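Values in this text are rule-based calculations from the coordinates and carry no lab data. No experiment lies behind these values; they were computed from the predicted model shown. Counting neighbours? That spans all protein chains shown, and the Cβs are built from the backbone with ideal geometry, glycine included.
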Amino acid sequence: MYDQPDIFDRCIEDAVKFHGHLCGGQIIGVRMALAGLRELGMRDPRGKDRKNLVVVVEIDRCATDAIGAVTGLTPGRRSLKIKDLGKMAATFVDLSTGRAVRICVRESSRRKGEELAAVLIADMGDEREASFKALELMEETDLLDIREVAVDFHPSDLPGHPTHKTVCELCGESILDQRETVVAGKTCCKPCASGHSYYRFLPEEKDVTNMAANG
């Protein structure tokens, strides 16, 4: 499937359908995904290769959606992992062989893309379309840096059923997959252990669940 001549266009269509619009990140994400699959020798990530492929993406922007659309991987199946380091990079891992390749966008690709777009705009007439076409046509070696790496997954990070469950002794909420930590002899979730969370309770806390149940 992924070695057919028109696969790039089909993958772009799938990515745009999933993401909602075409952008440079979608084109780059598709190229990263196709390169990663090629390097690992995977032709059927949605079929026979599905259980063997895991991708770790280092940014939570457009390219991540494109990689998910091409590979069929999702965070919910624990096969698409997002470690938001703010880098346009992703590592493709074959669990059956242990092989992994990290693909990142070269910093120099921006300049080369602009140069190519400047040539294309004469024929295309539209600066935005020319920039997209440049990302599509740019030599892979100019756009992407591809290196073989080693990735060691803990069993609790792999796809499949939860391997462990415990309860935070401070907030009483369940914690899956060994994400707990021990502080002063107490088993805690990470927010309780650190005293910091991405949310905060309102001064007059309201139990929305009970409010809905009571009408």
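For the chain, the percent of C-alpha pairs falling in each 5 Å distance bin, counted from 0 to the bin holding the largest distance, reads 1, 6, 12, 14, 15, 12, 10, 9, 7, 6, 4, 2, 1, 0. Take the Cα of Lys48, step 7 Å toward its Cβ, do the same at Cys171, and the gap between the two points is 4.5 nm.
Estimated from helical segments only, the mean residue ellipticity of the chain at 222 nm is -11500 deg cm²/dmol, where each DSSP H run of four or more residues counts as -39500 (n - 2.57). Against the chain, whose longest principal axis is taken from its Cα atoms, helix 24-40 shows a tilt of about 90°.
Residues of the chain were split at every exposed loop site, defined as GluC sites (Glu not before Pro) in a DSSP loop with at most 11 other C-beta atoms within 10 angstrom, and the longest piece left, sites excluded, is 1-106.
For Asp9, Asp157, Asp65, which order do you get if you count the other beta carbons within 10 Å of each Cβ and list the fewest first?
In order of increasing Cβ crowding within 10 Å: Asp9, Asp157, Asp65.
Rounded to the nearest 10 degrees, the angle from helix 127-137 to the longest Cα principal axis of the chain is 90 degrees. Note on Lys17: lysines with a C-alpha under 19 Å away, same-chain residues under 8 apart excluded, are Lys133. Taking the number of Cβ atoms within 10 Å of each Cβ as an exposure proxy, the fewest-first ranking of Asp6, Asp49 is Asp6, Asp49. For the chain, excluding the exposed loop sites themselves (chymotrypsin sites (Phe, Trp or Tyr not before Pro), DSSP loop, at most 12 other Cβ atoms within 10 Å), the longest remaining stretch covers 1-197. Could you state the angle between the C-alpha long axis of helix 62-71 and the longest principal axis of the C-alpha atoms of the chain, as a value from 0 to 90 degrees rounded to the nearest 10? Orientation of helix 62-71: about 90 degrees from the principal axis. The distance between label points at Ala184 and Glu129 comes to 6.5 nm (points 7 Å beyond Cα on the Cα→Cβ vector). Using only the Cα atoms of the range 1-100, build the gyration tensor, take square roots of its eigenvalues as a ≥ b ≥ c, and label the shape rounded, prolate or oblate: rounded if a/c is under 1.5, else prolate if a/b is larger than b/c, else oblate. Taking the square roots of the gyration eigenvalues as a ≥ b ≥ c, the range 1-100 is oblate. Computed from label points 7 Å out along Cα-Cβ, the spacing between Leu137 and Asp157 is 4.0 nm. With neighbours defined as other Cβ atoms within 10 Å of a residue's Cβ, the residues Met32, Met88 order from fewest to most as Met88, Met32.
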